[in-house]
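The values are calculated or read from the model by the stated rules, or taken from the named source; none is laboratory data. In this text, all values refer to a predicted model and were calculated from it rather than measured experimentally. Cβ placement follows ideal geometry from the backbone for every residue including glycine, while neighbour counts extend to all protein chains displayed. Each accessible area value is taken on the protein alone, full model and side chains, heavy atoms only, with ligands, DNA and RNA left out. Shrake-Rupley method; radii C 1.70, N 1.55, O 1.52, S 1.80 Å.
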Amino acid sequence: MIIEARNIQKNFGNLPVLKGIDLDVNNGEIVSIVGKSGAGKTTLLQILGTLMNADEGSVTILGTNISKLKEKKLAAFRNENIGFVFQFHQLLPEFSALENVCLPALIQGKSLKQCEDRAKELLDFLNLSERLTHKPSELSGGEQQRVAVARAIMNNPAVVFADEPSGNLDSHNKAELHELILRLRDTFHQTFVIVTHDDNLAAISDKVIKMEDGKIIENE
């Protein structure tokens, strides 16, 4: 078991956004969280990904109750065990593709050579070996998202959280991203938790969790 979430509750002011979520994620699973806007999907993803605290309940990742960690230890845990992919890539515009991918490992304190060797290996796996020195503005939307995926898995995280990763892509690049997620699961046994409105992405998942009004109404 990678993630165990129990009785997750979150309010924004007087508005209850999450109303007691229980969720398990197993190693090597692709889990999609679906539902209408306002269902609480992104809030849940941010809490599971340690970017936001729940008001009630607990999240355990790899046997560690993350709510018990102090800020510095939580940041180190996040860097070592969690990757993120966002809808709008969030690449640093002044850095090349290679430099963007290296960042998580440099933060971890690895040598520049270690970082560059690993980043080149990943970018080659993602068919981007000809784009190492290109900055984000010189890459297509699909290429930028693949760089973002490479950055997310740079430190061999236990789980990658993705928030609408195909939401800003055309149909061709969406299909490529979906295939890439499957390849990463099959090749590296990578675990993914994905918030999506994309029915095709949900269809390739091992588990689909449907949310409505801050609750899970289907888990299949």
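Among the DSSP beta bridges whose two residues both lie in the chain, what percent are antiparallel, rounded to the nearest 5?
Expressed as a percentage, antiparallel bridges in the chain total about 50.
Per-residue counts of other Cβ atoms within 10 Å, averaged by peptide: what ranking do you get for 69-81, 40-52, highest first? Show your work: numbers first, answer last.
Details: 69-81: 13.5, 40-52: 20.8.
In decreasing order of mean packing, 69-81, 40-52 become 40-52, 69-81.
Given Cα pairs under 8 Å that are at least 6 residues apart, what percent is the relative contact order of the stretch 43-192?
Numbers: 180 pairs, mean separation 43.6, N = 150.
The value is 29 percent.
Compute the angle between helix 171-188 and the longest alpha-carbon principal axis of the chain, please, reported from 0 to 90 degrees and rounded to the nearest 10.
Roughly 90 degrees, rounded to the nearest 10.
How large is ³J(HN,Hα) for each residue in the stretch 78-90, as worked out from phi by the Karplus curve 6.51 cos²θ - 1.76 cosθ + 1.60 (θ = phi - 60°), to whole Hz, x for Gly and Pro?
Rounded to whole hertz, the list is 4, 4, 7, 10, 10, x, 10, 10, 10, 4, 9, 6, 6.
Lys207: which lysines have alpha carbons under 25 Å from its alpha carbon, excluding same-chain residues fewer than 8 sequence positions away?
Lys10, Lys19, Lys36, Lys41, Lys174, Lys215
For Lys215, Lys174, Lys36, write out the residues from largest to smallest accessible area, computed with a 1.4 angstrom probe and no ligands counted.
Reading off the accessible areas and sorting them downward yields Lys36, Lys215, Lys174.
So what is the accessible area of the chain per residue, in Å², with the probe set to 1.4 Å?
Result: 49 Å² per residue.
Which peptide among 98-104, 1-7 comes first, and what is the full order, when sorted by highest mean count of other Cβ atoms within 10 Å?
98-104, 1-7
Is the shape of the stretch 32-116 best called rounded, prolate or oblate, per the rule: a/c under 1.5 gives rounded, else a/b larger than b/c gives prolate, else oblate, with a ≥ b ≥ c the square roots of the Cα gyration tensor eigenvalues?
Verdict is oblate for the stretch 32-116.
So what are the ³J(HN,Hα) numbers for the stretch 119-135, from phi and the Karplus equation (6.51, -1.76, 1.60; θ = phi - 60°), rounded to whole Hz, Gly and Pro as x?
Result, rounded to whole Hz: 5, 5, 4, 5, 5, 5, 4, 9, 6, 10, 5, 8, 10, 4, 8, 7, 7.
With the Cα gyration tensor of the stretch 71-117 giving a ≥ b ≥ c as the square roots of its eigenvalues, does the rule (a/c under 1.5 for rounded; else a/b larger than b/c for prolate; else oblate) give rounded, prolate or oblate?
oblate
Using θ = phi - 60° and the Karplus form 6.51 cos²θ - 1.76 cosθ + 1.60, what ³J(HN,Hα) does each residue of the stretch 146-158 get, whole Hz, x for Gly and Pro?
So the J values, rounded to whole Hz, are 5, 4, 4, 5, 4, 4, 5, 9, 4, 9, 6, x, 5.
How much of the accessible area of the chain, probe 1.4 Å, is carbon plus sulfur, in whole percent?
Ligands and nucleic acids excluded, carbon and sulfur reach 47 percent.
Solvent-accessible area of Asp170, probe 1.4 Å, all protein chains present, reported in Å² to the nearest ten, please.
Only protein atoms counted, so the area is about 80 Å².
Can you spot the lysines whose alpha carbon is less than 24 Å from Lys110's alpha carbon? Ignore those fewer than 8 places along the same chain.
Lys70, Lys72, Lys73, Lys120, Lys135
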